[in-house]
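The structure appears below as structure tokens.
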Amino acid sequence: DKGGWSSFMAKEVSEEPEAVANTVLGRVQDGQIVIPELDGLDGLFQGVSRVIVLACGTAYYAGLVGKYAIEQWARIPVDVELAHEFRYRDPIVGPETLVVSISQSGETMDTLMAVKEAARLGAKTLSICNTQGATIPRESDAIVYTHAGPEVAVASTKAFVAQITALYLLALHVGRVRGALSAEVAGAAIAELEALPEKIRWILENEQERIEQLSRWMSDTRSVLFLGRHVGYPIALEGALKLKELSYIHAEGFAAGELKHGPIALIEPGQPVFVMVPSPRQGATLHAKVISNIEEIRARGARVIAVAEEGDAAVLPFADEVLRVPLAAPLFEPILAVVPLHIFAMGLATAKGLDVDQPRNLAKSVTVE
Ligand code: F6R
């Protein structure tokens, strides 16, 4: 039931605040992370010297964001791999490896087979999943459910923000269990997590219409590029994937620092480029670097659409459009910055008269390899 919305996707994007809120719900007690599903499983995180995150598509991008949080809070090195690549390369994995799989459906065959292979090699396995009782969690030693609610549209939206949220909860939990993280830092992160739903709602209420208008203006665009650095990089990849799968136009995401190593050759007058601008508080250097990337592409005629923190005045002279997101601590920015990109991809596909719930050639759950 679309509940009055024009599509399941529109409904599910509107549910992004609840997807985050419900994933946090019941997992914070007296300012501490408590994940009931992991009760009695602290042993799973002892002796772990390495984390490998396995997933496909949008879930893989959530994993790329999660890497920053796990490394920062739990101080364990993290590799993030496409599940279908992992399986076929004779991976070096053993009991000191914790494999974290991420899957909305819990039925993605590529991810399932990779988890089975990791388990066969002796790794500990933990699954982040949105579907109760699905196959991947059943094959794993531990489960952390995302509580995004059923996702019907083929393109993943609310599950993505819930996946990042679950990864953050996991990172904080493991950081505490292993003594790598102070209660104070964990407490501040929890406060940030709890503040996110209201901030996502702010974007939906204040920016959605303007973004939809922008997507209508751009409905005959042939190609869109997305740039980001640090946690903004996986969001650039996600923005590009959502746009290509929904609107069938060429879209590509790059790490902003890679520009001069090749992709800048693509920039010609009129080329639209979305740029994820990190908060100036993320460190002046990172912010300044992205501004200078914007200058480089602007000088070559790019049309810059910046996704930037509300109040970041430095970006204004350099961008043709600024899509605003509320202030958040640096690691939490991706959960906000992705929302305008989901709205944009949906808006552009709608403007082209396409079915946003059921893009061509795609299935919601990919149960073949
Ligand atoms: C993109 C999308 C896909 C899925 C991928 C993994 O919008 O939905 O890329 O993220 O097929 O699916 P799950 O999470 O069910 O394993």
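Below, the figures for the structure above:
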| item | result |
| --- | --- |
| Selected residue (criterion: farthest from A329 (Cα to Cα)) from residues of the range 177-187 that are surrounded by 18 or more Cβ atoms within 10 Å (Cβ to Cβ) and at pLDDT 95 or above | L181 |
| Residue within the range 156-167 that is within 16 Å of the ligand (Cβ to nearest atom), within 17 Å of I343 (Cβ to Cβ), of a type in the set (K, R) and part of a helix (DSSP H, G or I) present | yes |
| Boolean, Y88 is closer than 22 Å to A162 by Cα and either aromatic (F, W, Y) or surrounded by 19 or more Cβ atoms within 10 Å (Cβ to Cβ) (or both) | no |
| Subset tally (residues that are surrounded by 24 or more Cβ atoms within 10 Å (Cβ to Cβ), away from the ligand (no atom under 11 Å from the Cβ) and small (G, A, S)) for the range 91-105 | 0 |
| Considering residues of the range 176-188 that are out of contact with any strand residue (DSSP E or B) (no Cβ under 9 Å at 6 or more places or on another chain), part of a helix (DSSP H, G or I) and in contact (Cβ under 8 Å) with a residue 24 or more places away in the chain only, the residue nearest to L44 (Cα to Cα) | V177 |
| Residues of the range 116-135 classified as over 21 Å from the mean Cα position of the chain (by Cα) and in contact (Cβ under 8 Å) with a residue 40 or more places away in the chain, total | 3 |
| Failed criterion for I190 (all others in (1) within 16 Å of the ligand (Cβ to nearest atom); (2) modelled with pLDDT of 95 or more hold) | (1) |
| Index of the failed condition, T108 passing every other in (1) surrounded by 23 or more Cβ atoms within 10 Å (Cβ to Cβ); (2) under 17 Å from the mean Cα position of the chain (by Cα); (3) within 16 Å of the ligand (Cβ to nearest atom) | (2) |
| Any hit, the range 136-154, residues being of a type in the set (D, E) and without any contact (Cβ under 8 Å) to a residue 24 or more places away in the chain | no |
| E117 being part of a helix (DSSP H, G or I) and either within 14 Å of the ligand (Cβ to nearest atom) or out of contact with any Gly (no Cβ under 8 Å at 6 or more places or on another chain) (or both) | yes |
| Any pair with Cβ under 7 angstrom, 6 or more apart, that starts in the range 306-320 at a residue that is of a type in the set (D, E, K, R) and ends at one that is in a helix (DSSP H, G or I) | D312/P280 |
| Residue tally, condition surrounded by fewer than 13 Cβ atoms within 10 Å (Cβ to Cβ), within 11 Å of E245 (Cα to Cα) and of a type in the set (V, I, T), over the range 348-369 | 0 |
| Residue, farthest from the ligand (Cβ to nearest atom), within the range 127-141, restricted to residues that are among the small types (G, A, S) and buried (at least 19 other Cβ atoms within 10 Å of the Cβ) | S140 |
| Search result, residues across the range 212-249 that are within 16 Å of the ligand (Cβ to nearest atom), among the aromatic types (F, W, Y) and under 15 Å from Y60 (Cβ atoms) | none |
| Tabulated pairs, the range 95-111, first within 23 Å of L44 (Cα to Cα), second within 9 Å of the ligand (Cβ to nearest atom) and acidic (D, E), C-beta under 7 angstrom, 6+ apart or interchain | Q104/E151 |
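The values are calculated or read from the model by the stated rules, or taken from the named source; none is laboratory data. Computed from a predicted model, the values in this text were never measured in an experiment. Every residue, glycine among them, receives a Cβ derived from its backbone with ideal geometry; neighbour counts consider all protein chains shown.
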